[in-house]
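**Student:** Okay, here's the structure, questions in a sec.
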Amino acid sequence: MKKVLGFMVIGIALLLSGCSLTQGHLAKNNAVTKTVYYQDLSKSDKKKVNFTFSLEQDETQDSKADPVYVVSMKVTNNSQKGIKFDKSKFIYLLPVDKTFSKKKGILTVQPKQTKTVNQLFEKIPAQGTLGDGIIEYLNKKNKLAYANFKHDKASSKNLSDSKLAKENKNVTGYYDQSSSSDDTTSSDDTTTDDESDELTEQEAKNILGESVNWVNNFGGYTYNTLAIRELDNGNWVFMNPDGYYWIVYPDGTVQKP
């Protein structure tokens, strides 16, 4: 009888021990696979998440002068955490414009997993794929890659390129015109010698017109259809309805698409 009781005690102890080990193992696994939003990751964890963006010409769009593109994204999660993204919060910043993802819903990428989102961005102009642009998630604290497509690919590895970082230092998308008006008002109180070098809208218009001999050569559009904005650095931007733009700099030079 004593032997039977002894075996029962040992059996119960082993059973309880097994349950404890199993619960501990499950708890450990749950801790490892904790899922967080990408913006809440530490800097070290963000470096373990790789993004690759692929470029394809969209021939279904009437691009008039130049081609437009769609951009797809591939995410590889090498961290120990599950990561979530709101698909609508991806941003493609251009020097004077920005494009938002039209996708909806939550993208979840588990550790050691790769997922793809097709056509994350649409109607990207050709000139926005050559290096002057930033692909971000939510805000500038979450840069994913510079829009420098080589062989139709751009990856998060190019964020370490100091040349691209310098070229994109002032890329913020459209400048807030209301802020520009406020700045102009305040600058009237403290006139500086540099103000004489600034171009008025009419002066910028004349320079642009002379550069194209005043022909209607704005990607198939007339001058009157162009959106006009002054940036905080004194540049004037003239954009046609397809998103192509001409920049007139304070020194009189013109950047064309």
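**Student:** Can you pick out the pairs among K46/K84; K84/K157; K102/K163; K48/K143; K43/K98 whose Cα atoms lie more than 19 Å from each other?
**Tutor:** Pairs exceeding the cut-off: K84/K157; K102/K163; K43/K98.
**Student:** If you take the beta carbon distance between K166 and K43 as r and set R0 to 30 Å, what does 1/(1 + (r/R0)^6) give as a FRET efficiency, to the nearest 0.05?
**Tutor:** 0.90
**Student:** Another one. Report the extension gain between E59 and K140 in nm, rounded to one decimal, defined as 0.36 nm multiplied by the number of residues separating them, less their alpha carbon distance.
**Tutor:** 26.1 nm
**Student:** Taking a quarter of the surface of the Cα convex hull of the stretch 81-125, what do you get in nm²?
**Tutor:** Averaged projected hull area, Cα only: 3.8 nm².
**Student:** Using the Karplus curve 6.51 cos²θ - 1.76 cosθ + 1.60 with θ = phi - 60°, what ³J(HN,Hα) values do you get for each residue of the stretch 154-160, in whole Hz, with x for Gly and Pro?
**Tutor:** Using θ = phi - 60°, the values come out as 9, 10, 5, 4, 6, 5, 8 Hz.
**Student:** Accessible surface of E59 in the full protein assembly, 1.4 angstrom probe, to the nearest 10 Å²?
**Tutor:** Estimated to the nearest 10 Å², E59 gives 150 Å².
**Student:** Points 7 angstrom from Cα along the Cβ direction at K123 and E201: gap in nanometres?
**Tutor:** 2.3
**Student:** What is the local net charge at Y223, summed over the other residues whose Cβ is closer than 13 Å to its Cβ (Lys, Arg +1; Asp, Glu -1)?
**Tutor:** Net local charge, Y223 excluded: -1.
**Student:** Please give me the summed charge of the neighbours of K46: other residues whose Cβ is under 13 Å from its Cβ, Lys and Arg +1, Asp and Glu -1.
**Tutor:** That works out to +3.
**Student:** I'd like the FRET efficiency for K256 and K34, computed as 1/(1 + (r/R0)^6) with the beta carbon distance as r and R0 of 41 Å, rounded to 0.05.
**Tutor:** 0.25
**Student:** Under 1.5 on a/c is rounded, so check that first for the stretch 33-149, then, if it is not, pick prolate when a/b is larger than b/c and oblate when it is not; a ≥ b ≥ c are the square roots of the alpha carbon gyration tensor eigenvalues.
**Tutor:** Note, shape of the stretch 33-149 comes out prolate.
**Student:** Quick one: Karplus J couplings for the stretch 247-257, per residue in order, coefficients 6.51, -1.76, 1.60, θ = phi - 60°, nearest Hz, x for Gly and Pro?
**Tutor:** My calculation for the stretch 247-257 gives 10, 9, 8, x, 7, x, 7, 10, 9, 10, x Hz in order.
The values are calculated or read from the model by the stated rules, or taken from the named source; none is laboratory data. This is a predicted model, so every value here is computed, not measured. Methodologically, a virtual Cβ is constructed for each residue, glycine included, from the backbone with ideal geometry; neighbour enumeration extends over all protein chains shown. Accessible surface areas use protein heavy atoms only, side chains included; no ligands, DNA or RNA. Shrake-Rupley method; radii C 1.70, N 1.55, O 1.52, S 1.80 Å.
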